[in-house]
1. Could you please find all residues in region 42-67 being closer than 11 Å to residue 32 by Cα and modelled with pLDDT of 95 or more?
2. Among the numbered criteria (1) exposed (fewer than 15 other Cβ atoms within 10 Å of the Cβ); (2) touching a helix residue (DSSP H, G or I) at 6+ places or on another chain (Cβ under 8 Å); (3) at pLDDT 55 or above, which single criterion is violated by residue 27?
3. Taking interchain pairs and intrachain pairs at least six residues apart, which have beta carbon atoms under 9 angstrom, with the first residue in region 51-79 and without any contact (Cβ under 8 Å) to a residue 24 or more places away in the chain and the second buried (at least 18 other Cβ atoms within 10 Å of the Cβ) and not in a helix (DSSP H, G or I)?
């Protein structure tokens, strides 16, 4: 799916994080990338939200989240607050 092309490297924002936060960010980023590879943007969205919650200045995660939410809105006409629960 073309959404995976919008996933950008997260490394620059990781250097100023404490070790637990950095590990959490890396974990969520990895999960988001895997979900996008599996064509599961519904599962990637919460992972990007978790990255942004841990590091609000992470422009890569914010950008990827924005692209996914915009795509979701175009496809389903939902707003961010109405993001459907992921189908597992």
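The values are calculated or read from the model by the stated rules, or taken from the named source; none is laboratory data. For clarity, every value in this text was computed on a predicted model and none was experimentally measured. A quick note on method: Cβ atoms are made from the backbone with ideal geometry, for glycine too, and the neighbour counts reach across all protein chains shown.
1. Kept after step one, since they are closer than 11 Å to residue 32 by Cα, are these residues of region 42-67: 42-51, 61, 64-65.
Those that are closer than 11 Å to residue 32 by Cα and modelled with pLDDT of 95 or more: 43, 44, 45, 46, 47, 48, 49, 50, 51, 61, 64, 65.
2. So residue 27 meets the others, but not (2).
3. 52/58
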